[in-house]
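Novice: One structure, as structure tokens, below. Some questions next.
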Amino acid sequence: MNRKITQLTGVILIVISALSCVSGKKYGSLSDTSKQYMNERDAFKEDNIGLQMKNTELEFKLASLEKETDGIRKEYSKVESERDKALGDYNNMTSRYNELQNAQEDLIKGNVRETQKLLEELRAAQNNLQNKEDLLKQLSVSLDMKKATLDELTFELEKRNARLAELEKILDAQKKIVQDLKTKVSEALLGFENNGLTVTMKNGKVYISLDEKLLFKSGSYDIDANGRNALKKLAGVLERNPGIQITIEGHTDNVPYNPGAGQLRDNWDLSVKRATTVVRVLLEGSKIDAKRLTASGRSEYLPIDNRNTPDARQKNRRTDIVLTPDLTELYELIDKY
């Protein structure tokens, strides 16, 4: 572009020089031509400026593209390196796989016997497991049966506990009745206790023990006034407690009875006769139901003192009046179950 301008300038100078030598007509023609060249020069300058600007832009774009190209080259190099590494890993894995495959084939070929042994052990373990599962099922069935039995026993136990509670309730009531009866008898016979008469509780019953000297003379079954008085007071208590069963037991010592001219033959007869005499005295003038009374003779065979001494024989000569509360409700409950 600069070269063209220089050439154009030279032409202009030549034209100017020629102007002095040519005619006016030619000068005018050359002047027009010169203006035309000047205009072209100016146009060339503008083109040159525009081209310089485009060149600058292209150089900037080129630098930018070269920078991007460098980044792409670096990324490409990185990816290529990673590809080479992955390829190396792949080759290593392929080699390892081949080694393992070969080792497996060698193992399969060289350890058939060991494999067979393992299979046999596995079958044995499976059989053992199956046996244990069968046993477990049997135990489960047995457990279910025992649980059912336990449930039945638990239900039965609950019933029995309820029954026991009811029995205890009745027994407590009976015990209270007996205790109240003992208290009433003791109060009625207060003047006779520890004077040939004792009142005790035993086995849910009240025992009134009367010494022979309180009721009878030796060898006799006739009751004296003092003994009759004690029995009458006792009859009043028994009359007010109609639910009490009354057993009169006659006891003698081990000295053989001498019948003499009477009707009694031995201690059996004497013990029974004394018991029946007490029954009659209790019934005289009272409203006691005779069905409540039982007379029995125990002779010498239920002593309270086994020593063969005068004091022991005196203790054994006695009449026991056993008062038993009505146990009908208790027996009915027992029969119910």
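For (1) at pLDDT 85 or above; (2) touching a helix residue (DSSP H, G or I) at 6+ places or on another chain (Cβ under 7 Å); (3) of a type outside the set (Gly, Ala, Ser); (4) not in a helix (DSSP H, G or I), each residue gets a yes or a no:
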{"residue": "Glu40", "(1), (2), (3), (4)": "no, no, yes, no"}
{"residue": "Ala43", "(1), (2), (3), (4)": "no, no, no, no"}
{"residue": "Gln52", "(1), (2), (3), (4)": "no, no, yes, no"}
{"residue": "Glu75", "(1), (2), (3), (4)": "no, no, yes, no"}
{"residue": "Lys78", "(1), (2), (3), (4)": "no, no, yes, no"}
{"residue": "Thr94", "(1), (2), (3), (4)": "no, no, yes, no"}
{"residue": "Leu100", "(1), (2), (3), (4)": "no, no, yes, no"}
{"residue": "Leu118", "(1), (2), (3), (4)": "no, no, yes, no"}
{"residue": "Leu139", "(1), (2), (3), (4)": "yes, no, yes, no"}
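Novice: Now, a different point. Could you please find all residues in segment 182-207 being touching a helix residue (DSSP H, G or I) at 6+ places or on another chain (Cβ under 8 Å), part of a strand (DSSP E or B) and touching a residue at least 24 places away in the same chain (Cβ under 8 Å)?
Specialist: If the condition is that a residue be touching a helix residue (DSSP H, G or I) at 6+ places or on another chain (Cβ under 8 Å), part of a strand (DSSP E or B) and touching a residue at least 24 places away in the same chain (Cβ under 8 Å), then Leu197, Lys205, Val206 are the ones that fit.
Novice: Could I ask something else about it? Quick check on this structure: which one of Arg298, Arg265 is at pLDDT below 95 and either in the same structural domain as Asp253 (by TED's automatic domain parsing) or surrounded by fewer than 17 Cβ atoms within 10 Å (Cβ to Cβ) (or both)?
Specialist: Numbers: Arg298 fails: at pLDDT below 95.
Criteria check complete, one pass: Arg265.
Novice: Show the residue pairs meeting these rules: Cβ distance below 8 Å; 6+ apart or different chains; first residue within segment 115-142 and closer than 23 Å to Glu105 by Cα; second residue β-branched (Val, Ile, Thr) and assigned to a helix (DSSP H, G or I).
Specialist: Listed by first residue and then by second, the contacts come to Thr115/Ile108.
Novice: Further, regarding this structure: Which condition does Ala173 not pass, out of (1) surrounded by 12 or more Cβ atoms within 10 Å (Cβ to Cβ); (2) free of Cβ contacts under 8 Å to residues at least 60 places away in the same chain; (3) under 30 Å from Leu264 (Cβ atoms), if it passes all the others?
Specialist: Looking at each condition in turn, Ala173 falls short on (3).
Novice: Which of the following residues is touching a Leu at 6+ places or on another chain (Cβ under 8 Å), assigned by TED's automatic domain parsing to the domain that holds Arg317 and part of a loop (DSSP other than H, G, I, E, B): Asn226, Asn241?
Specialist: Numbers: Asn226 fails: part of a loop (DSSP other than H, G, I, E, B).
Result: Asn241 is the single residue among Asn226, Asn241 that is touching a Leu at 6+ places or on another chain (Cβ under 8 Å), assigned by TED's automatic domain parsing to the domain that holds Arg317 and part of a loop (DSSP other than H, G, I, E, B).
Novice: Just the residues that are acidic (Asp, Glu) and in contact (Cβ under 8 Å) with a residue 60 or more places away in the chain, please, taken from segment 248-296. Let's see the steps before the verdict.
Specialist: Going residue by residue through segment 248-296, those that are acidic (Asp, Glu) are 249, 253, 266, 269, 284, 289.
Of everything in segment 248-296, those that are acidic (Asp, Glu) and in contact (Cβ under 8 Å) with a residue 60 or more places away in the chain turn out to be Glu249, Asp253.
Novice: Another question, if that's okay. Can you tell me which of Asp253, Asp305 is more than 60 Å from the chain's Cα centre (by Cα) and either closer than 15 Å to Ser220 by Cα or in the same structural domain as Lys232 (by TED's automatic domain parsing) (or both)? Break it down into steps so the answer makes sense when it comes.
Specialist: Values: Asp305 fails: more than 60 Å from the chain's Cα centre (by Cα).
Criteria check complete, one pass: Asp253.
Novice: Take Ala148 and decide whether it is assigned to a helix (DSSP H, G or I) and within 19 Å of Leu293 (Cα to Cα).
Specialist: Working: assigned to a helix (DSSP H, G or I): yes; within 19 Å of Leu293 (Cα to Cα): no.
The answer is no for Ala148.
The values are calculated or read from the model by the stated rules, or taken from the named source; none is laboratory data. As the structure is a computational prediction, the values presented were derived from the model and not from experiment. No Cβ is skipped: glycine too gets one built from the backbone with ideal geometry, and neighbour counts run over all protein chains shown.
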